[in-house]
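Taken together, the values in this text are just the output of simple stated rules run on the coordinates, not laboratory data. Keep in mind that what you see is a predicted model, and the values were worked out from it rather than measured. Every residue, glycine as well, gets a Cβ built from its backbone with ideal geometry; the counts of neighbours run over all protein chains shown.
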Amino acid sequence: MEPLQIAPGIYSVGVRDWTIRDFHGYSTDLGTTYNAFLIVDEQVALIDSVKAEFADELLAHIARVIDPRRIDLVVSNHTELDHAGGLARVMHRIGEEKPLYCSKMGAKNLARHFPRKWNYRAVGTGEELRLGRRTLRFLETRMIHWPDSMFTYVVEDGILFSSDGFGQHYAGPETFDDETGERILPHAKKYFANILLPYTGLIEKLLQQVEALRLDIRMICPDHGVLWRKDPGRILEAYRTWCRQEPGRRAVIVYDTMWHSTEKMAAAIHEGIAAEGVSCRPMHLRAFHRSEIVTEIFDARAVVVGSPTLNNGLFPTVADFLCYLKGLKPQNKIGAAFGSYGWSGEAVRLIEEELERMKIPRIQEGLRVPFVPEGETLEACRAFGRAIGRAVVESTAVPA
Ligand code: FEO
C-alpha cells in the first residue's frame, strides 16, 4: 500500500492486515487495518503506530514520504498493542530521545509495555502542541477504548484522529467512506456492538463534549478501517443512535445442540416467535461467530438462549458465548432459556443465572425437555415462543 496524502502535508501511512480472521475473539472476515498518520510541518509528527509485526511496513511507507529520522515527535492516542506494538521499532529508528505525546495513563501503560526510558510528554484535554502551521489539540477519551485513550484534533485542517472511536475492522481497497458508501456502516456497527458497547454512557458524554466544543470536524480518521471524509456527521449521528441501544421488534435464538433435540426446540420456539410478527433469527453457535451473534442481538429486544446439559453444566460454546455477552453489558434486553436434557438438566437454570447477572429480565420460566421433543413438547416450545413474541411486541413501540 502506498502512503496516501489525505490533506495537504498529511499522509495515511498505516497498514492493511488482509489475513487476520480473529482479532482477540472478534471475527474479522475481511481483515482489518492499523491506520497511522504522518503530519509534515515545521515539526514532523507521527500519529500512532501499528501492530509490532507490521512496524517495518509502516516505516517503509513513511520513508516514501520522508526519512523516518526526520520525525520530530510521536503521538500515541492509545496503548493497545494493535496501535502501540510497533512503537519499539519506530522509536529505535527515529531516535529514542524524541518526545512521545500521550495521556498520563498512556505514559504509565507504555512504560509497562516497553521497559525503555522514552521521553514521555503527558497531555490532557485541551492542551495544544504547535507543529508550525498546524496545531494539535488533545482530548482525553477514557475507556474509548481503554483508560489511556485520547483523540488528537488538527485545528487548522479540522481532522480528528479518533483512535478506536468510529473505527471498523475492515480491510479493503478503499481509504474513504465515499469509496465504500453505506456498506461500511454494518462494519462500523459490528465494531461498536462488540468493542464499544460497555462504554455507551461515556461515549454519549464524549459526543456531547465534542458538540459543546463546536469543533469544525471535516474528517474523522480512526485507527481501523476507512476514514470519514464525505460526511463525518453520518458516523457521529450513527454513534448517537447506537448509544441509546433502542431495540427493534426482533429476537435472537442463540443455541447449541448435542443430538439435535435442543435444535428442534429452537426451531419450534422460532415458529412461535415469528407467529407473533416478530423478526427472529436462530443462530447455532457453531455456525455463527460470537461477534456476529452479538451484532444481531444489538438490534434485538429478546435474547433466547438454548443449551443441552453436558456433565451437569452448560454446553461449552454456550458458556463461552454467555461469558462474552456478559462483558459487553447489553442494555434494554429481555431473555429466556431453554434446553433438552437427559437426567439432570442444569443448563437452563445456569443460563437463567447468567441472564440475571446481566440484568436481563426473564420473560418466563425456562423450558426444559427430557431427551427428544415431539408432539406435545414441541407444541409447548411453540407456545413458549409465542409468549416471547408477545413480550417483544408489547415492549417495542414500532416494528424495526
Ligand atoms: Fe484498536 Fe483498543 O485497540
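Entry for the stretch 78-145 at q = 0.15, 0.16, 0.23, 0.27 Å⁻¹: log10 I(q)/I(0) = -0.51, -0.58, -1.12, -1.31, Debye formula applied to identical alpha-carbon scatterers, no solvent contribution. Helix 232-244 and the longest principal axis of the Cα set of the chain meet at an angle near 40°. The Cβ shell under 9 Å around residue 171 holds other residues with a net charge of 0, Lys and Arg each +1, Asp and Glu each -1.
Hull volume per residue, based on the alpha-carbon atoms of the stretch 248-393 and their convex hull, is 87 Å³. Between 0 and 90 degrees, the angle of helix 347-357 with respect to the longest Cα principal axis of the chain falls at about 50 degrees.
Near the amide H of residue 6, within less than 5 Å, lie the amide hydrogens of 11, 12, all on another chain or at least 5 residues away, with H placed in the peptide plane. For the Cα trace of the chain, dividing Rg by the Kirkwood Rh returns an Rg/Rh value of 1.06.
Specify the angular offset, from 0 to 90 degrees and rounded to the nearest 10, of the alpha carbon long axis of helix 261-275 from the longest principal axis of the alpha carbons in the chain. Between the helix axis and the principal axis of the chain, the angle is about 90 degrees.
Structure remark: mean-square fluctuation, Gaussian network model of the chain, C-alpha springs under 10 Å; the largest value among 248, 25, 375 belongs to 375.
The residues neighbouring residue 146, those whose beta-carbon lies less than 12 Å from its own, together hold a net charge of -3 under the Lys/Arg +1, Asp/Glu -1 convention. The ratio of the alpha-carbon radius of gyration of the stretch 324-392 to the globular-protein estimate 2.2 N^0.38 Å is 1.19. Beyond 19 Å in Cα-Cα separation lie the following of the pairs 190/326; 190/230; 108/190; 51/190; 104/190: 190/230; 108/190; 51/190; 104/190. Sorting the segments 60-66, 115-121, 81-87 by their residues' average number of neighbouring beta-carbon atoms within 10 angstrom, most packed first, yields 81-87, 60-66, 115-121.
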